[in-house]
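Here's the structure, in C-alpha cells; my notes come after.
The values are calculated or read from the model by the stated rules, or taken from the named source; none is laboratory data. Bear in mind that the values here come from a model prediction, so they are computed numbers and not experimental data. Neighbour counts run over all protein chains shown; Cβ positions are idealised from the backbone, glycine included. The accessibility values were calculated without ligands, DNA or RNA, using every heavy atom of the protein model including side chains. Shrake-Rupley method; radii C 1.70, N 1.55, O 1.52, S 1.80 Å.
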Number of protein chains: 2
Amino acid sequence: LSFVPITSNPKDKNNKQIKSDHDIKKMVHSIKVGISLVLVSLLYILNPLFDQVGENAMWAIMTVVVISEFNAGATLGKGLNRGIGTIVGGGLGCLAAIFAQSIGGVGNSIFIGTSVYIFGSVATYFRLVPKIKNRYDYGVVVFMLTFNLVVVSGARPGVKVWELARERLLNILMGFIIAICVNLFVFPLWASDELHDSIVSRFHNLANTIQGCLEECSKTVKENQPDTSFTVCKSVLNSKSKDESLANFAKWEPWHGKFGFSYPWQKYLKIGEVIRELAALILALERCFQASKKITASLKQPKKVQLEQCEAIGSRIVWTLREVGDSMKQMRKCEGRDNTIDKLKTTREELSLVISTSMIEEFENGEMLPIASLVFLLMEVVEKVGELVIEVGELQDMAGFRTR
Amino acid sequence: LSFVPITSNPKDKNNKQIKSDHDIKKMVHSIKVGISLVLVSLLYILNPLFDQVGENAMWAIMTVVVISEFNAGATLGKGLNRGIGTIVGGGLGCLAAIFAQSIGGVGNSIFIGTSVYIFGSVATYFRLVPKIKNRYDYGVVVFMLTFNLVVVSGARPGVKVWELARERLLNILMGFIIAICVNLFVFPLWASDELHDSIVSRFHNLANTIQGCLEECSKTVKENQPDTSFTVCKSVLNSKSKDESLANFAKWEPWHGKFGFSYPWQKYLKIGEVIRELAALILALERCFQASKKITASLKQPKKVQLEQCEAIGSRIVWTLREVGDSMKQMRKCEGRDNTIDKLKTTREELSLVISTSMIEEFENGEMLPIASLVFLLMEVVEKVGELVIEVGELQDMAGFRTR
C-alpha cells in the first residue's frame, strides 16, 4: 500500500482569506450603490435635466434602488424582469384603459374592477409556480403593479395613457442603464465566480475534514477539541439553496469572459448535489472515527497496523479530492481520468481486504463495530468520490476545459 | 426482544393529501390578492375617494402589490418593514431637505449629493449584514428609496416637503390596512402552521424511510424499484433555508391563537437541525441496507435470524419516532419521556449484542462489513433519536404543551 504524504492543513488560513475577501466585496458594493444613487439623483438636482424629465424621475430612482443587487447577474436579472414586466403590464394596462374609456359610465368601473381582479389573481398564482418564482418572480410583481397603476389611472377621463406610460418607461430605462453600468463595468461581482469558487472550496474543505479525522484517529484522544470539521460538513449540507440562487444569477451573466456563452451551470448544481451526498457520508464517517478514536488508545500493536492501513488508504481519497478540486479551480482537464477511476476501484478492493473476517476475531466486541463501519463507510466514500470524478469529467468536456 | 407491529405504509397517501392541500392554499391566496387589488383600486375608481387622495393613491396600490405575500407573517413583516422604513426614511429625508433648502445655491446640491451617497452606502452595507438581511432587508430598501425621493424632490424650491410626506404615508397606511385585513382575517395562511406541520411530517417521513428499508431488507431483492425513501431523506436534508424563512415569518405572527405569544420558534429550528443530522445518518444507513440486501438472499438460516433481530429493534426506533411526531402534532406532552430515553438506551445495548465477535466469524468476508456497519449506524440512529426526544421534551416544556 502506497502512502501519499499529506501536507499541512491549509484550511484555517484559506477560510480567513475568503472571509476578508468577502468583506472587501461588501464595501465595494456599498460604495457602488452610493455612486449609482448620486448619479440618478442628478436627474432631480440638475435643473436642465429636471426640466426634461420632471416628477417622473422618481421612477428612475426607484429602479436604481430596487435592482442594485450584490451580484452582477442578480442586478441584470432584476433589471430585465423590471423592464419586461413594465412593458407587458403597461401595454396590457393601456389597452384595457382605452377600452374602458370607450365604454364609459358605470360599465367603465365594472370593467376595470374585473380586469384588475383577473390579472391580479392569475399573476399571483403564477408567482407560486416554482419555475416562474425562481427566475421571474420580480417580473410578475412589476407586471401586476404596472398593469394596475396604468389601468386605474389611465381610465380616468382626460388622462393621456400612452404618454404617461412612455415617460415612465423612459425613466425606468435610465435607472436601468445607470444601475447596470455601475454594477457590471465597475469592479463587477460575478455570481458565476462566486458559485465556481464555492464549489471548488468544498472539495478542499471535505478533503481537509477527512484528513483531520484520519490524523486525529491515529493520535491519542484529546479532550475539548473544537469540532470544526463537523461544522464544515454541515455547511456543505446546507448549501443547496445558495447554490441554486447563485446558478440562477449566473445564468443572467452569459457573456462573462471566464465562462463563455451557455456555460453548463446545471452541471455545477449536479456536482453540488453529489458533494452534499458525500458530506452526508463523511458526517456518518466522523461518528465512526470518534467511536474508534476512543478505543485506538487501548489497541495492541497488530490491530493498530490495520488502522494505519486504513489511514494510508484514506489519504489517497484526500489526495484525489484535492486533485479534482484543483483541476476544477484552474479549469483544466483532469489528467488520466480513467486512470483515477481505476485507482479508486483498486482502493476500494484494498479497503475490503484490510479487515477480513479472520482478522476481526482478534478484536473485542466493542471494538469491532466502529472499525468495521469505518472501513465500510470509507468504501462508500470512495464510490461517491468516483461518482464525483465522473461528474467533474463531464463538466470538463461540456465546458471545454483546456488540457493543461 | 419484543417486536412492535408495523402498520401499512401511509406515506404516499399523506404526501398526496399535503400536496392537494397546498394547491388549494395557492388558489385561496390568489383570490385574496385579487380582492385586495380591487379594494385598493376603488381609491381611483370611486370619484369621491379620488377627490380626497388624488394621484398619491398609487402608493396605496404599490403597497398592496408588494406586501401581499403567501403567508400572513410574511405580509405583516413586509408591511411593518415598509411602514417603518417609510417613516424613518421620510423623516430623515425631510430634515435633510429642509436643511438643504436653508443653505441654497450650489451648497444645496452638494449637500444633497453627499447625503444621498452616505445614506445609500451605509444602508446598502447594512443590507449585507446577515441578521439585518434576514428580518429587515425590505425595510432598509424602503428606507433608501423614501429618503432619496424625499430629499431630492423636497429640496427643489417651492415644494412643501412635510405635506408630501404626510400624504404618501397616509396612502401607504391605507394600502397596508387593506392588505393586512384581507391577508390576516380572511382564511389566513399562517407560516407558523406550515413550519409546525412540516417539522411534524418529517418525523413520520423518516420513520417511514427506516421502516421501508427494514421491510425491503427482509425480502428478496427486487430490481428497478423507485428509490423514494432516498428522495425523502434528501428533501429533509435540504430543508434548512425553508425552515429559517418560515420561522422568520412565524415570529411576525405573535398573537396567532394556537401558538400564543413568544412561542419558542428557535427551538423548532434546533429540532430541524437534529432531524437533518438524523437524515444524514439514515442516508448512510440506506447504503448499508442496500449492500446487505444483496447478500441476504444467499444467507443461511442462523444468520438470517440475526438480521431479523436487527429489524425487530429497528421497528422500535420507527415506533419512537412516530410517537414523538404524534405528540408534537397534537401538542401534548410525551408520556414517560425518561422512560423512552431509558428504553432507547436498552435498545442501543441490545443492538451492540446482536452481532458479537463470535457470531461474526460465521459470516464471510463480503458479508461482514455492511452488516456490522448496519448495526453500528442503527446504534448511532438510536442515539440521535434520543437527542431528538430530549429536544422535543424541552420544546414541550417551553411551549407549555398540555399533558393530554
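Points to keep in mind about this one:
- Residues in the stretch A:116-139 that are of a type in the set (A, V, I, L, M), within 10 Å of chain B (Cβ to nearest Cβ) and assigned to a helix (DSSP H, G or I) were compared, and the one that is nearest to B:Val28 (Cα to Cα) is A:Val122.
- Verdict on B:Phe187 being open to solvent by 20 Å² or more (accessible area, probe 1.4 Å) and on the phi > 0 side of the Ramachandran plot: yes
- Test for A:Phe111: is it in contact with a His (Cβ under 8 Å, 6 or more places away or on another chain) and within 12 Å of chain B (Cβ to nearest Cβ): no
- Restricted to the stretch B:191-215, and to residues there that are touching a Phe, Trp or Tyr at 6+ places or on another chain (Cβ under 8 Å) and more than 20 Å from B:Val382 (Cα to Cα), the residue that is surrounded by the most Cβ atoms within 10 Å (Cβ to Cβ) is B:Ala191.
- Hey, B:Leu214 away from chain A (no Cβ under 13 Å) and out of contact with any strand residue (DSSP E or B) (no Cβ under 6 Å at 6 or more places or on another chain) or not: yes
- Considering the conditions (1) touching a residue at least 60 places away in the same chain (Cβ under 8 Å); (2) open to solvent by 70 Å² or more (accessible area, probe 1.4 Å); (3) of a type outside the set (D, E, K, R), B:Tyr117 is excluded by exactly one of them, (1).
- Pair list, Cβ under 9 Å, 6 or more apart: the stretch A:58-78 residue more than 7 Å from chain B (Cβ to nearest Cβ) and open to solvent by less than 10 Å² (accessible area, probe 1.4 Å), other residue charged (D, E, K, R) and part of a helix (DSSP H, G or I): A:Thr63/A:Arg82; A:Ile67/A:Lys78; A:Ile67/A:Arg82; A:Ser68/A:Lys32; A:Ser68/A:Lys78; A:Gly73/A:Lys251; A:Gly77/A:Arg135; A:Gly77/A:Lys251
- Which numbered condition A:Tyr44 misses (of (1) under 18 Å from B:Tyr125 (Cβ atoms); (2) open to solvent by less than 20 Å² (accessible area, probe 1.4 Å); (3) free of Cβ contacts under 8 Å to residues at least 24 places away in the same chain): (1)
- Unmet requirement for B:Asp197, which otherwise passes all of (1) among the charged types (D, E, K, R); (2) assigned to a helix (DSSP H, G or I); (3) at pLDDT below 90: (3)
- Scoring B:Gln306 on the criteria (1) at pLDDT below 75; (2) away from every other protein chain (no Cβ under 14 Å); (3) part of a helix (DSSP H, G or I) leaves a single failure, condition (2).
- Sole exception among (1) open to solvent by less than 30 Å² (accessible area, probe 1.4 Å); (2) within 10 Å of chain A (Cβ to nearest Cβ); (3) closer than 21 Å to A:Leu46 by Cβ for B:Val161, by number: (2)
- Any hit, the stretch A:167-177, residues being assigned to a loop (DSSP other than H, G, I, E, B) and either touching a residue at least 24 places away in the same chain (Cβ under 8 Å) or surrounded by fewer than 17 Cβ atoms within 10 Å (Cβ to Cβ) (or both): no
- Of all the criteria given as (1) closer than 21 Å to A:Ala250 by Cβ; (2) modelled with pLDDT under 85, the one not satisfied by A:Glu55 is (1).
- The lone exception for B:Val122 - which of (1) β-branched (Val, Ile, Thr); (2) touching a residue at least 40 places away in the same chain (Cβ under 8 Å); (3) surrounded by fewer than 23 Cβ atoms within 10 Å (Cβ to Cβ) it fails: (2)
- Those helices (runs of 4 or more DSSP H) lying entirely in the stretch A:321-404 with at least 3 residues at the interface with chain B (Cβ under 9 Å from one of its Cβ atoms) and modelled with pLDDT of 80 or more: A:365-399
- Residue check, A:Leu149 open to solvent by 70 Å² or more (accessible area, probe 1.4 Å) and aliphatic (A, V, I, L, M): no
- Where a residue in the stretch A:273-287 is under 15 Å from A:Phe376 (Cβ atoms) and more than 7 Å from chain B (Cβ to nearest Cβ) and its partner, wherever it lies, is of a type in the set (Phe, Trp, Tyr) and assigned to a helix (DSSP H, G or I), with Cβ under 9 Å and at least six apart: A:Glu286/A:Phe230
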